[in-house]
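The values are calculated or read from the model by the stated rules, or taken from the named source; none is laboratory data. Since the model is a prediction, treat every value here as computed from it, not as a measurement. Glycine also receives a Cβ, built like all others from the backbone with ideal geometry; neighbour counts cover every protein chain displayed.
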Amino acid sequence: MLRTWHRPLVLFGWSMALLIPVSLLGLLVDDRMLVGSPIWLKPFKFAVSLALYAFTLAWLLTYLKRFQRVGWWAGTVLAAAGALEMVVIVGQVVRGRRSHFNFETPLDTALFSIMGSTIVVLWVTHAIVAILLWRTKIENEALSWSIRLGLVISFLGLGVGFLMTQPKPGQALDGGTLGSHTVGAPDGGAYMAITGWSTEHGDLRVGHFVGMHALQVLPVLIALLGNRASAKLAWVLSGSFLGIFLLVTWQALRGQPLFQPDGTTLLALAGIIVATALGVVWARAPKKELVDA
């Protein structure tokens, strides 16, 4: 089956899959720490995330019936941009240096600038793929809408990365660091296992992760529901997922840790849950048939 998928994206996905055990080995044998966490944790997380992303896009491009060449080139450029970013991340790990927000030396600055360019390229090519798939008819209407809406939410999730590059209070270029994942404090400090998300302050990586992986979660939910899924239900689930993405991003921007929500956050979450429940009832309601008088 993989033979019919977009080959450059599949190759990129396999390279990320191979990097996962390498990163795990690094976590076991390399005791170096960087910004308060194991130095090989970032390559591990990126490898898992990008493997899922690459294989998903490679599969989605098989649905294209028109503009297949445009889709092929968009996927190829995206794979190349992702690969270049990972080369920089792993290279900086080998050097024992930060890959993100690092302006300490001319080389560090140049490498982070390259990463910034690859993210822009990836974001633009993702948008091109999304536009092409919005214009593609897929027979399964529920799956079609879950893919279309998942692509839009993923596009927004990728865009959260640009918020991380904004200068934070107290930062200056001559300080060597500009931008951060954390809101309300410098990067570092107490963090969650595996994810590395801050347990003391807001963390923009939460929204980045949640939004980016709408592309996997929504189609999988529709597939699991099988015959019970419908286009209406796809819209409801996508709206709920979008609400969660916006909520955790807003929570992070207010400097609030994911698992220490205040009353406002909990109230917003309750609103999303109620709206989702009502939406599911609406989507599952039987259609009314018109009866001739």
Grab the helices (runs of 4 or more DSSP H) fully contained in region 32-150, keeping just those with 1 or more residues being under 21 Å from Phe162 (Cα atoms), touching a Ser or Thr at 6+ places or on another chain (Cβ under 6 Å) and in the same structural domain as Met164 (by TED's automatic domain parsing).
none
Within the set of pairs 6+ apart or on separate chains, which have a first residue in region 199-216 that is acidic (Asp, Glu), a second that is assigned to a helix (DSSP H, G or I), and C-beta atoms under 8 Å apart?
Asp203/Ala252
Within region 78-136, take every residue that is crowded, with 21+ Cβ neighbours inside 10 Å and among the charged types (D, E, K, R) and give me the one that is farthest from Ser154 (Cα to Cα).
Arg98
Going through (1) among the small types (Gly, Ala, Ser); (2) on the phi < 0 side of the Ramachandran plot; (3) in contact with a helix residue (DSSP H, G or I) (Cβ under 7 Å, 6 or more places away or on another chain) one by one, Ser198 fails only at (3)
Take the residues in region 21-42 that are crowded, with 16+ Cβ neighbours inside 10 Å and either at pLDDT below 95 or hydrophobic (A, V, I, L, M, F, W, C) (or both), then tell me which one is nearest to Ala81 (Cα to Cα).
Lys42
Would it be correct to say that Leu143 is closer than 28 Å to Ala283 by Cα and in contact (Cβ under 8 Å) with a residue 40 or more places away in the chain?
yes
Evaluate the following for Leu204: is it within 30 Å of Asn227 (Cβ to Cβ) and either among the acidic types (Asp, Glu) or modelled with pLDDT of 90 or more (or both)?
no
